[in-house]
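**Q** Before I ask anything, here is the structure I am working with.
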Amino acid sequence: MGTKSSDTVRPLPFLVAVPLYAGLGALAFSKPAAERLGANGQKIAQASLGALLATHAGEAALISRRVRKRGYPDQAGKWARSTLLWGFPNHLRVGRLAPVSAE
């Protein structure tokens with residue numbers, strides 16, 4: 001198996017995840033959802049959204065560090081933003097990034 005360069009391994013697309021978060025946000029904070037889910041159901045949706053964002057924020061910090069260590073400091077922000085939305089799949093993708101040699 002050949003090594004991959006940073007040109008062939010990219011973060012997952014940002015805009016594809018936005019509708020997923022919009023849907024979860026609507027479920028967590030809209031009045032129609034509150035009527036269907038009840039107060040406890042909506043609290044669970046809100047807690048789930050908060051836990052998801054907190055977990056992904058931690059993963060984004062880790063992925064930023066990992067991308068910098070691989071030798072791509074200019075791409076660390078792009079990978080961190082993508083990880084904030086997508087989470088762990090980006091860790092698998094960063095593993096395929098070829099480390100920059102120190103030559």
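The values are calculated or read from the model by the stated rules, or taken from the named source; none is laboratory data. Because the structure is a prediction, the values reported are computed rather than measured. Counting neighbours? That spans all protein chains shown, and the Cβs are built from the backbone with ideal geometry, glycine included.
**Q** Hey, could you check segment 60-99 for residues that are of a type in the set (D, E, K, R) and in a helix (DSSP H, G or I) and say which is surrounded by the fewest Cβ atoms within 10 Å (Cβ to Cβ)?
**A** 74
**Q** Among the listed residues 26, 102, 57, 47, identify the single one that is part of a helix (DSSP H, G or I) and either loosely packed, with under 12 Cβ neighbours inside 10 Å or modelled with pLDDT under 90 (or both).
**A** One residue alone meets the criteria, 47.
**Q** Next up: Within the set of pairs 6 or more residues apart or between chains, which connect a residue that is touching a residue at least 24 places away in the same chain (Cβ under 8 Å) inside segment 60-73 to a residue that is assigned to a loop (DSSP other than H, G, I, E, B) with Cβ atoms less than 6 Å apart?
**A** Listed pairs, sorted by first residue: 70/99; 71/99; 71/100; 72/6.
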